[in-house]
Each structure stands twice: as structure tokens, then as C-alpha cells.
1. Determine the sum of side-chain charges near TYR14: Lys and Arg each +1, Asp and Glu each -1, restricted to other residues whose C-beta is under 9 angstrom from that of TYR14.
2. Gain in length, GLU23 to MET38, computed as 0.36 nm per residue apart minus the alpha-carbon separation, to one decimal in nm?
3. Average projected area of the Cα convex hull of the stretch 13-84, in nm²?
4. Please give me the summed charge of the neighbours of THR25: other residues whose Cβ is under 12 Å from its Cβ, Lys and Arg +1, Asp and Glu -1.
Amino acid sequence: MDTLHRSLSRWKRYHIKVQLGDEDTMMSLTAKPRDMVMDLLTQLAWEGVTSWKKTFYYNSRQLEEHETLKEANFQNGSVLLLVSNPR
């Protein structure tokens, strides 16, 4: 049963909402648990949202670019906040 669970987790997808703090807009993204935060920034770039010098926050915690969604304890339907760095 454990092998089946691990096998199915490869196909698991998170449907995530991103709150664009500067624009007061919500965007939808789809990602895998092993995707990194950097991958989400890349998806936003493909959607036309410049993510240069911006940071993701999830559950009041700043996310690191090389952190996976599984490490950050994401769940389906999670909402992220993307804000500009103050620097």
C-alpha cells in the first residue's frame, strides 16, 4: 500500500492561488509537491508577472527559492502572498 501511495504522489498536483500584493490581484497556478518556490516564480513570469525582487510568503513565513512545496507544507488550495522586497 505504501508503494502505491508513493507512486500516486508523483501525479499529485496543488492548485494554488497567488495574491499579488502590489496589484491586489489573484492568480491561479498548478504545481507538484516537489516543485520549488523558484518554479512558481517562473510560472508567474510566463503569465506576464514580473517576479524580479519579489518574495513569496505562506502562513506568515517567507519562503526560500530552493524550498520545495512539500517542505513548506503546502496543501491543495493554498494561498501565497507575493510582495516586493523593501530593498
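What follows is calculated from the coordinates using simple rules that are stated; it is not laboratory data. Here the structure is a predicted model, which means the values were calculated and not measured. Ideal geometry is used to build each Cβ from the backbone, glycine not excepted, and the neighbour counts take in all protein chains shown.
1. Here the charged neighbours net out to +2.
2. On the way: separation 15, 0.36 × 15 = 5.40 nm, distance 2.05 nm.
Here the answer is 3.4 nm.
3. Its average projected convex-hull area is 4.1 nm².
4. On the way: positive: LYS17; negative: ASP22, GLU23, ASP24, GLU47.
Once all neighbours under 12 Å are counted, the net charge is -3.
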